[in-house]
1. Just checking my list [x] 1.01; [y] 1.51; [z] 1.06 against Cα Rg over 2.2 N^0.38 Å computed from this structure; which label fits?
2. For region 62-106 and region 148-171, what is the separation of their C-alpha centers, rounded to whole Å?
3. Note down the net charge around G19, summing +1 for each Lys or Arg and -1 for each Asp or Glu among other residues with Cβ under 14 Å from its Cβ.
4. Mind computing the radius of gyration and Dmax over the alpha-carbon atoms of region 1-99? Å is fine for both.
5. Just to be sure I understand: if I project the alpha-carbon convex hull of region 72-168 onto a plane and average over all orientations, what area do I get in nm²?
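The numbers here are math on the coordinates, done by the rules we state, and not lab data. Small disclaimer: the values here were computed from a predicted structure and weren't measured. Quick reminder, even Gly has a Cβ in these numbers, built from the backbone with ideal geometry, and neighbours come from all protein chains shown.
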Amino acid sequence: MDWSISAAQADMRAGYYSGAAGILASALAWSIAAGVALTGSAERAIIVLLVGGMLIYPVSIVICKLLGARGTHTKGNPLGQLAGASTFWLVFCMPLAYGLGREQPAWFFSAMLIVIGGRYLVFATLYGMQLYWILGLTLAAAAIGLVFLSAAASIAVSAGALIELGFAISCFVYHRQSLRSLAGENQRS
């Protein structure tokens with residue numbers, strides 16, 4: 001199959017529920033880590049987010065399937081390689097974030113907000129959605145603000161959870177509206 005960018009993006013949106021399931025899975029990982037941090041253990045919250053981060057993809061696939069999406073893209077979709085490359089970049093940045101967290105736990109969460117924000121900027125191309133530009137830049141801006149304010153780890157991880165949850169809801173709404181719009185166009189045809 002010869003893929004246009006718009007066809008590849010449409011396939012990614014259809015397969016992964018416009019990425020909403022992934023944002024929700026990430027928000028859940030951040031939320032659990034925030035709960036741990038709020039009990040007073042920033043170091044454990046770091047471990048929780050690292051382990052939870054490893055579960056984001058499989059949890060997002062389960063959510064996709066529960067919502068009726070495939071949870072995968074069509075074989076040969078060239079944007080699948082870009083998704084994989086952005087995952088490697090995320091993994092390569094984690095030791096740096098962890099090292100920062102050993103110095104100051106709040107720095108781990110701010111570093112992860114920037115790294116994940118950068119990955120979401122790639123998702124703007126994967127899905128062809130401006131929402132990912134806003135999400136990525138919001139996470140990065142929050143990280144920078146949190147560092148300048150010398151925010152506690154519990155505040156930094158809670159900010160990540162709240163931002164991701166808000167954008168997960170927005171992305172779910174966007175995807176549902178686009179499905180309705182597409183159904184309406186198909187009925188008129």
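1. For Cα Rg over 2.2 N^0.38 Å, the calculated option is [z].
2. 18
3. On the way: positive: R13, R70, R119, R176; negative: D11, E164.
Overall, the nearby charge balance is +2.
4. 15.8, 54
5. 6.3
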